[in-house]
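Trainee: I have a structure here, written as structure tokens, and I will follow up with some questions on it.
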Amino acid sequence: KAGVTQTPRYLIKTRGQQVTLSCSPISGHRSVSWYQQTPGQGLQFLFEYFSETQRNKGNFPGRFSGRQFSNSRSEMNVSTLELGDSALYLCASSLVVRSADTQYFGPGTRLTVL
Amino acid sequence: SQQGEEDPQALSIQEGENATMNCSYKTSINNLQWYRQNSGRGLVHLILIRSNEREKHSGRLRVTLDTSKKSSSLLITASRAADTASYFCATDARNTDKLIFGTGTRLQVFP
């Protein structure tokens, strides 16, 4: 099976812009989670989607949003970008229930905000 | 906020030596997982240990879990240069339904 794919792999934006990141989970996986990784804060949970519904959300402002499509592909959107949003954004998929299941991570999208 | 704190933050060893890294967490958990991350890339799942298990092995990896001390350790035996990476513990805390990652240990294995 193909692994988790994320597009784009690298992105450069300026403050105030918005960005959309995409994640395609492993075929058959219905749960998709998003994480933000920065040197200062480490790996922070953003949100999780299962069967097109947001199941859980981390402590991020409303500028961060996401959605999941019927084919389990997911997108996350960040509006009004700030310098502090520069990070590696990781997507992970799992077969059923995220917390009890192995997470399969994509390679990440490196976002740089200038 | 971080549920897990890992110790040491960084570890340098020679090939063939064993590497031990520790993870402490704050609240009761359902399970604890260990992941590896090569520089700037995605994470790779290594092993999952449930709260009712005390020890688990997978190849050169040995994981222990002490729920009374809220701590876990990952032992990599006979390390190789290819083991150079950051290692993270992740806990599935009860009543949160979130997977919370620790701060990570950067392991450098010199040939």
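The values are calculated or read from the model by the stated rules, or taken from the named source; none is laboratory data. If you're wondering where the values come from, they're calculated on a predicted model, not measured in any experiment. Using ideal geometry, Cβ is built from the backbone for each residue, glycine included, and neighbour counts are taken over all protein chains shown.
Trainee: Can you tell which of B:Ser71, B:Ser79 is out of contact with any Cys (no Cβ under 6 Å at 6 or more places or on another chain), buried (at least 18 other Cβ atoms within 10 Å of the Cβ) and more than 12 Å from B:Cys89 (Cα to Cα)?
Mentor: Exactly one of B:Ser71, B:Ser79 is out of contact with any Cys (no Cβ under 6 Å at 6 or more places or on another chain), buried (at least 18 other Cβ atoms within 10 Å of the Cβ) and more than 12 Å from B:Cys89 (Cα to Cα), namely B:Ser79.
Trainee: Being in contact (Cβ under 8 Å) with a residue 60 or more places away in the chain and either surrounded by fewer than 12 Cβ atoms within 10 Å (Cβ to Cβ) or among the charged types (D, E, K, R) (or both) narrows it down to one of A:Gly62, A:Gly16, A:Gly40, A:Gly3, so name that one.
Mentor: A:Gly16
Trainee: Is there a residue in the stretch A:65-76 that is buried (at least 21 other Cβ atoms within 10 Å of the Cβ) and over 9 Å from the mean Cα position of the chain (by Cα)?
Mentor: yes
Trainee: Then there is this: Working carefully through the options B:Ser86, B:Ser79, B:Ser72, find the one that is modelled with pLDDT of 95 or more and either charged (D, E, K, R) or part of a loop (DSSP other than H, G, I, E, B) (or both).
Mentor: None of the other options fit; the residue is B:Ser79.
Trainee: Can you give me the ranges of the strands (runs of 3 or more DSSP E) entirely in the stretch A:1-106 with at least 1 residues that are among the charged types (D, E, K, R) and in contact with a Lys or Arg (Cβ under 8 Å, 6 or more places away or on another chain)?
Mentor: The qualifying strands (runs of 3 or more DSSP E) are A:42-50, A:53-57, A:74-78.
Trainee: Here is a further query. Give the residues of the stretch A:50-82 that are closer than 21 Å to A:Thr14 by Cβ and either within 14 Å of another protein chain (Cβ to nearest Cβ) or among the polar types (S, T, N, Q) (or both), sorted by residue number.
Mentor: Scanning the stretch A:50-82 gives A:Phe60, A:Ser65, A:Asn77, A:Ser79, A:Thr80.
Trainee: Considering each residue of the stretch B:85-104, count those that are free of Cβ contacts under 8 Å to residues at least 60 places away in the same chain, over 12 Å from the mean Cα position of the chain (by Cα) and buried (at least 18 other Cβ atoms within 10 Å of the Cβ), and give that number.
Mentor: Qualifying residue count, the stretch B:85-104: 1.
Trainee: While we're looking at this one, here's another question. Restricted to the stretch B:89-111, and to residues that are hydrophobic (A, V, I, L, M, F, W, C) and either out of contact with any helix residue (DSSP H, G or I) (no Cβ under 9 Å at 6 or more places or on another chain) or in a helix (DSSP H, G or I) (or both), which residue is nearest to A:Ala92 (Cα to Cα)?
Mentor: Taking the candidates together, the pick is B:Leu99.
Trainee: Let me ask something additional. From the residues in the stretch B:1-45 that are surrounded by fewer than 19 Cβ atoms within 10 Å (Cβ to Cβ), within 20 Å of A:Gln44 (Cβ to Cβ) and among the β-branched types (Val, Ile, Thr), which one is modelled with the lowest pLDDT?
Mentor: Going through the qualifying residues, I end up with B:Thr27.
Trainee: Residue under question is B:Asp66, and the condition is that it be over 13 Å from the mean Cα position of the chain (by Cα), of a type in the set (Asp, Glu) and at pLDDT 95 or above; does it hold?
Mentor: yes
Trainee: Report yes if B:Thr96 is within 14 Å of chain A (Cβ to nearest Cβ), hydroxyl-bearing (Ser, Thr, Tyr) and in contact with a Phe, Trp or Tyr (Cβ under 7 Å, 6 or more places away or on another chain), otherwise no.
Mentor: no
Trainee: Touching a residue at least 24 places away in the same chain (Cβ under 8 Å) and more than 17 Å from B:His45 (Cβ to Cβ) - does that describe any residue in the stretch A:101-109?
Mentor: Yes; the residues of the stretch A:101-109 include at least one that is touching a residue at least 24 places away in the same chain (Cβ under 8 Å) and more than 17 Å from B:His45 (Cβ to Cβ).
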